[in-house]
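Structure first, then comments.
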Amino acid sequence: ALRRAPPGSSAISKEASGQNREVEEWQELCARRRDLDSELYEASAFEEAAARDARSKAEAASRSREALTAAQAELSSLHDELAAAASEVGVQ
């Protein structure tokens with residue numbers, strides 16, 4: 001003998017199916033949010049590392065410029081001393 005579903009069970013089944021879809025959509029949205037949060041965290045960490053690297057390189061460039069300026073001043077001074085010494089011995 002065939003068993004018949006109780007009256008209204010089809011509507012209940014459709015409602016449950018709809019709720020299951022909503023739950024699945026909610027779970028997918030939550031998973032996507034976790035993925036985006038993870039990507040944002042990684043991007044933020046990368047940005048911070050890049051900023052630290054840029055500051056480090058800027059500081060190194062500044063030290064290099066200072067060293068170059070000091071070397072140029074010393075070279076200029078040595079050139080002046082050499083010119084003075086050459087003048088004393090009569091070398092032009």
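May I ask you to verify whether E66 is surrounded by fewer than 10 Cβ atoms within 10 Å (Cβ to Cβ) and without any contact (Cβ under 8 Å) to a residue 40 or more places away in the chain?
Numbers: surrounded by fewer than 10 Cβ atoms within 10 Å (Cβ to Cβ): no; without any contact (Cβ under 8 Å) to a residue 40 or more places away in the chain: yes.
In short, no.
Is it the case, given these coordinates, that A85 is assigned to a helix (DSSP H, G or I) and at pLDDT below 95? Reasoning before the result, please.
Details: assigned to a helix (DSSP H, G or I): yes; at pLDDT below 95: yes.
So A85 fits the description; yes.
Would you confirm whether or not the stretch 3-26 contains a residue that is modelled with pLDDT of 95 or more and hydrophobic (A, V, I, L, M, F, W, C)?
Among the residues of the stretch 3-26, at least one is modelled with pLDDT of 95 or more and hydrophobic (A, V, I, L, M, F, W, C), which makes the answer yes.
The values are calculated or read from the model by the stated rules, or taken from the named source; none is laboratory data. What you see is a predicted model; the values in this text were computed from it and never measured. Here Cβ is always computed from backbone atoms with ideal geometry, including for glycine, and neighbour counts include all displayed protein chains.
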